[in-house]
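Single-structure report; data block below.
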């Protein structure tokens with residue numbers, strides 16, 4: 001910025017008043033040349049100003065692009081008139097109380113010698129002699145830092161106090177030699193635990209330990225390691241390690257003669273060649289270091305090593321564990337002996353035949369006579385049932401038949417009894433007396449026992465009974481029920497005459513029964529008479545039948 005002051009007046013010298021427009025221009029020559037800059041200002045001049053005005057050049061159009069190290073000329077034009085002549089040379093002031101810039105640099109960019117200053121750029125001291133001297137005008141208090149380096153967080157990483165004490169927060173690497181009047185003695189006031197260590201800080205006494213599972217890692221630039229030839233160690237940028245120049249499968253071996261660790265082949269690797277010695281280990285004998293050698297078992301192989309621990313066994317011997325991890329041989333027994341357990345171990349002995357004493361016998365189901373504790377007799381109290389392999393009968397007559405009556409029952413049939421198969425079983429309960437297979441029956445009709453199936457029974461048409469006996473009951477059956485209000489009365493007839501055995505089938509029933517006694521002799525003729533009651537004649541009798549059930 002340039003402050004410019006001037007006075008506007010008429011050609012007669014009378015000062016101008018009012019508002020005026022002034023155009024300022026800078027050229028690189030006193031006449032002609034190039035216009036480098038232009039700025040227009042509007043000013044107002046009062047009567048009392050006597051025509052004097054003041055403007056700040058560069059306040060509207062920046063001067064920052066101009067090179068003020070070259071000659072510059074200023075001209076101005078008022079209210080549209082042509083530029084005034086001659087052009088004015090721009091020069092520095094002969095005297096300034098306070099200059100804000102110097103050589104285009106702000107005054108705050110300079111380091112002061114009388115006050116604290118901050119340098120944000122790099123400061124390079126290239127003097128060949130002493131380049132930096134810190135000398136207080138008066139000695140400060142002890143431990144006052146005269147030189148300090150801090151990180152971005154403001155934490156001190158290096159400092160030197162006025163007494164010459166230095167403190168380093170990071171690693172200190174010395175490439176030269178450390179010398180001093182004394183490198184021993186003194187007091188360590190605090191030891192902190194670094195990475196991988198625990199137990200710190202120690203201020204009086206204590207122990208630093210390696211953290212569990214962390215281990216210690218040492219890099220080549222973390223610590224100086226003195227390595228000697230043959231130590232077997234290598235320190236480089238990768239860290240501290242064993243020698244890495246060995247071939248595959250080689251080992252580091254110590255040579256006591258040369259006192260050097262060196263890469264060598266594994267002696268136990270089969271690389272061919274001759275075996276120069278065999279040593280007999282535990283339980284073996286023989287061996288040697290030259291010629292052909294033999295290795296033999298010196299003692300029997302123990303159980304622990306997969307053997308028996310026995311040197312010999314005979315034919316027929318039995319091996320058994322006589323104790324924990326101990327096998328013994330049981331000599332074979334003689335003919336007829338049996339293997340027994342004696343005191344927890346196997347032994348051969350005579351067969352005793354299982355002799356002993358029965359002290360009690362109890363009579364179970366179907367038996368009588370028990371309980372016997374000394375002597376006595378056990379007998380059957382009831383017939384042996386079919387479930388136990390018997391017949392269930394106490395006695396059998398000559399010629400009787402045994403008939404099964406289910407899974408657990410057997411019955412007997414008397415000689416001469418009538419038999420038929422009913423329900424898949426042989427039955428003597430029902431004796432057929434005939435039937436009408438086709439025609440419907442009405443009013444009164446008779447059926448003949450042992451007669452034809454369609455016979456209307458009369459005495460001379462009935463067949464004779466082959467054997468004497470007693471009929472104790474009657475059961476009569478029809479294929480269709482008589483119906484509501486209707487009935488059939490059935491009566492046993494002997495030799496064409498009614499007996500006392502009679503029953504009635506009525507309503508929705510299809511059967512009836514009666515008890516009584518009818519004695520018959522061989523040759524008697526038996527039948528059954530059906531007598532209608534109501535309108536039973538409307539019943540279709542397709543298979544009328546009746547039977548006697550003897551006792």
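General observations
- Once segment 496-517 is narrowed to residues that are modelled with pLDDT of 80 or more and farther than 13 Å from residue 476 by Cα, the residue that is surrounded by the most Cβ atoms within 10 Å (Cβ to Cβ) is 499.
Yes/no per residue for (1) surrounded by 11 or more Cβ atoms within 10 Å (Cβ to Cβ); (2) modelled with pLDDT of 75 or more; (3) within 30 Å of residue 308 (Cβ to Cβ):
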site	(1), (2), (3)
250	yes, yes, no
254	yes, yes, no
260	yes, yes, no
265	yes, yes, no
273	no, no, no
284	yes, yes, yes
287	yes, no, yes
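- Number of the exception - residue 363 against (1) touching a strand residue (DSSP E or B) at 6+ places or on another chain (Cβ under 7 Å); (2) surrounded by 11 or more Cβ atoms within 10 Å (Cβ to Cβ): (1)
- Residue in segment 169-192 that is closer than 30 Å to residue 118 by Cβ, modelled with pLDDT of 80 or more and surrounded by 10 or more Cβ atoms within 10 Å (Cβ to Cβ) present: yes
- Qualifying residue in segment 152-162 (condition: in contact with a strand residue (DSSP E or B) (Cβ under 8 Å, 6 or more places away or on another chain) and over 27 Å from residue 193 (Cα atoms)): yes
- Whichever residue in segment 270-289 is part of a loop (DSSP other than H, G, I, E, B) and in contact (Cβ under 8 Å) with a residue 12 or more places away in the chain and, among such residues, is nearest to the chain's Cα centre (by Cα): 283
- Residues of segment 121-143 that turn out to be touching a strand residue (DSSP E or B) at 6+ places or on another chain (Cβ under 6 Å) and surrounded by 10 or more Cβ atoms within 10 Å (Cβ to Cβ), as a count: 1
- Number of positions in segment 137-153 that are part of a loop (DSSP other than H, G, I, E, B) and either touching a residue at least 60 places away in the same chain (Cβ under 8 Å) or under 11 Å from residue 165 (Cβ atoms) (or both): 3
- In the set (1) closer than 25 Å to residue 534 by Cα; (2) modelled with pLDDT of 75 or more, the condition left unmet by residue 520 is number (1).
- Screening the candidates 299, 334, 391, 377 for the property of being surrounded by 10 or more Cβ atoms within 10 Å (Cβ to Cβ), at pLDDT 75 or above and assigned to a loop (DSSP other than H, G, I, E, B) yields one hit, 299.
- All positions within segment 308-319 that are assigned to a loop (DSSP other than H, G, I, E, B) and modelled with pLDDT of 80 or more: 308, 310, 312, 313, 314, 315, 316, 317
- Screening the candidates 122, 148 for the property of being modelled with pLDDT under 85 and closer than 28 Å to residue 171 by Cβ yields one hit, 122.
- Criterion applied to 54, 62 was being modelled with pLDDT of 90 or more and part of a loop (DSSP other than H, G, I, E, B), and the one residue passing it is 62.
The values are calculated or read from the model by the stated rules, or taken from the named source; none is laboratory data. Just so it is clear, the structure is predicted and the values come from calculations on it, not from any experiment. Here Cβ is always computed from backbone atoms with ideal geometry, including for glycine, and neighbour counts include all displayed protein chains.
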